Amino acid sequence: MDGLDALKQGYLNRIAEAGDEAALEEIRLAALGKKGEISLKMRELGRMSPEERTAAGKVLNALKDEIDAALRAKKSALADAALDARLATEWLDVTLPGRPRRQGTIHPVSQVTEEVTAIFADMGFAVAEGPQIESDWMNFDALNIPPEHPARQEHDTFFMARAEGDNRPPHVLRTHTSPVQIRAMMAAGAPIRVIAPGRVYRMDMDQTHAPMFHQVEGLAIDRDISMAQLKWVLEEFCRAFFEVDEVELRFRASHFPFTDPSAEVALRCSWEGGQLKIGEGNSWMEILGSGMVHPKVLAAGGIDPAEWQGFAFGMGIDRLAMLKYGIPDLRAFFDSDLRWLRHYGFSALDVPSVAGGLSK
Ligand code: DAH
């Protein structure tokens with residue numbers, strides 16, 4: 001077979017000059033494709049004598065392998081070059097300082113939860129948690145709300161489905177954070193000081209109610225806890241939370257099954273000119289329920305009421321957020337409207353702390 005060297009050199013040159021994968025593929029087809037030059041030469045082998053065929057076959061196979069290898073090498077060289085080119089243009093200096101483009105913000109509910117947590121942490125309260133799907137016993141019975149108690153109706157409860165034939169009371173979406181009191185007592189015993197912020201659920205919906213909302217529960221148990229300490233803790237909390245020098249709280253007798261005595265607590269405020277001012281004026285705004293933990297509740301939590309006593313309180317986080325940040329409609333909290341979130345959201349880099357400032 002004549003001219004094979006020239007043919008080989010021709011292909012090797014073309015391969016060396018190929019600028020992209022498409023060009024390489026074109027060369028591969030021209031040389032090794034079904035109707036490629038080398039493939040056609042392979043076919044000629046059939047017309048040769050056996051000796052000639054052996055010799056020519058060897059040469060052709062070697063040629064084929066060489067061109068194939070050259071194609072592969074060039075292909076990977078092209079890929080490397082392409083990657084280098086990308087790396088050269090798409091580099092990123094990870095040592096540069098961050099640019100606060102404010103793309104995302106902290107939701108007011110998260111912000112207020114952080115603020116409340118920081119204030120109570122400063123007073124020695126740990127954070128406790130419980131499940132949002134709660135047993136009927138934890139949500140009601142353990143809190144001294146037996147099955148026939150009228151408070152059960154007032155809670156507008158969402159019930160979970162039970163399997164057919166299962167006659168146990170259905171689980172509920174917790175209607176308040178109070179069951180976390182029971183869980184915390186069971187887990188840690190006395191003495192204990194915890195708050196429990198979290199989601200709660202009730203079938204209710206208007207400008208100030210949503211079917212899912214947020215509460216924070218407080219619980220302090222020790223040997224000599226009294227209402228006086230409850231009052232001090234709540235006053236300190238309100239002063240810190242509303243970021244004012246003076247607050248005045250009004251305690252009025254109330255009724256909750258899980259506390260005795262019970263008190264509803266209101267805050268002195270003024271609404272003059274449509275603007276809320278805390279600590280002055282002649283209006284009172286109710287912000288929470290509280291009281292001394294009922295002996296039955298202590299017992300349900302595994303704590304001996306003869307030895308220990310404590311106070312508890314519960315308040316709405318969303319409501320605190322509306323008051324502090326002047327947000328008029330609760331429903332907007334859960335609409336995920338980006339304009340609302342940008343307007344009322346907080347910078348992710350400002351972590352609330354008592355020492356460093358809560359909202360500023
Ligand atoms: N669980 C009550 C509610 O959802 C709020 C509450 C009132 C909690 C008094 C307490 C408390 O711990 O002592 O309406």
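This table checks each residue for (1) buried (at least 17 other Cβ atoms within 10 Å of the Cβ); (2) modelled with pLDDT under 95; (3) aromatic (F, W, Y); (4) within 16 Å of the ligand (Cβ to nearest atom).
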position	(1), (2), (3), (4)
T105	yes, yes, no, no
V116	yes, no, no, yes
I119	yes, no, no, no
I145	yes, no, no, yes
S178	yes, no, no, yes
G189	no, no, no, no
I192	yes, no, no, yes
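State whether the residues of the range 317-337 include one that is touching a strand residue (DSSP E or B) at 6+ places or on another chain (Cβ under 9 Å) and assigned to a loop (DSSP other than H, G, I, E, B). Looking through the range 317-337, none of the residues is touching a strand residue (DSSP E or B) at 6+ places or on another chain (Cβ under 9 Å) and assigned to a loop (DSSP other than H, G, I, E, B).
Under the condition of being farther than 24 Å from I119 by Cβ and touching a residue at least 40 places away in the same chain (Cβ under 8 Å), which residue from the range 333-353 is least open to solvent (accessible area, probe 1.4 Å)? Per the stated criteria, the residue is L341. Given the options F251, F213, name the one that is more than 27 Å from P352 (Cβ to Cβ), within 16 Å of the ligand (Cβ to nearest atom) and not in a helix (DSSP H, G or I). From the options F251, F213, the qualifying one is F251.
Would you confirm whether any residue within the range 272-288 is within 16 Å of the ligand (Cβ to nearest atom), within 31 Å of the chain's Cα centre (by Cα) and buried (at least 21 other Cβ atoms within 10 Å of the Cβ)? Scanning the range 272-288 turns up at least one residue that is within 16 Å of the ligand (Cβ to nearest atom), within 31 Å of the chain's Cα centre (by Cα) and buried (at least 21 other Cβ atoms within 10 Å of the Cβ).
Pick from P261, P257: which is over 22 Å from F334 (Cα atoms), without any contact (Cβ under 8 Å) to a residue 60 or more places away in the chain and within 13 Å of the ligand (Cβ to nearest atom)? I'd like the intermediate steps shown before the answer.
Numbers: P257 fails: without any contact (Cβ under 8 Å) to a residue 60 or more places away in the chain.
Result of the check over P261, P257: P261.
Looking at the range 347-354, can you tell me whether even one residue there is at pLDDT 95 or above and among the hydroxyl-bearing types (S, T, Y)? No, every residue in the range 347-354 fails to be at pLDDT 95 or above and among the hydroxyl-bearing types (S, T, Y). If the condition is being open to solvent by 30 Å² or more (accessible area, probe 1.4 Å) and part of a helix (DSSP H, G or I), then the range 147-176 contributes R152, Q153, E154.
With the condition kept exactly as written, say whether any residue in the range 132-141 is within 30 Å of G326 (Cα to Cα), among the small types (G, A, S) and at pLDDT 95 or above. Taking every residue of the range 132-141 in turn, none turns out to be within 30 Å of G326 (Cα to Cα), among the small types (G, A, S) and at pLDDT 95 or above. A Cβ distance below 6 Å, combined with a sequence gap of six or more or placement on separate chains, defines the contacts here; from the range 277-300, residues that are farther than 28 Å from Y325 by Cβ reach residues that are within 14 Å of the ligand (Cβ to nearest atom) and acidic (D, E) in the pairs H294/D260. Among the residues of the range 219-243, just one is open to solvent by 10 Å² or more (accessible area, probe 1.4 Å), closer than 23 Å to P352 by Cα and not in a helix (DSSP H, G or I), namely E243.
Could we say that G310 is open to solvent by less than 60 Å² (accessible area, probe 1.4 Å), within 15 Å of the ligand (Cβ to nearest atom), outside any helix (DSSP H, G or I) and touching a residue at least 60 places away in the same chain (Cβ under 8 Å) here? Taking the combined requirement at face value, the residue satisfies it.
The values are calculated or read from the model by the stated rules, or taken from the named source; none is laboratory data. Since this is a predicted model, take the numbers as computed values, not measurements. Glycine also receives a Cβ, built like all others from the backbone with ideal geometry; neighbour counts cover every protein chain displayed. Protein only, heavy atoms only, side chains kept; ligands, DNA and RNA dropped before computing areas. Shrake-Rupley method; radii C 1.70, N 1.55, O 1.52, S 1.80 Å.
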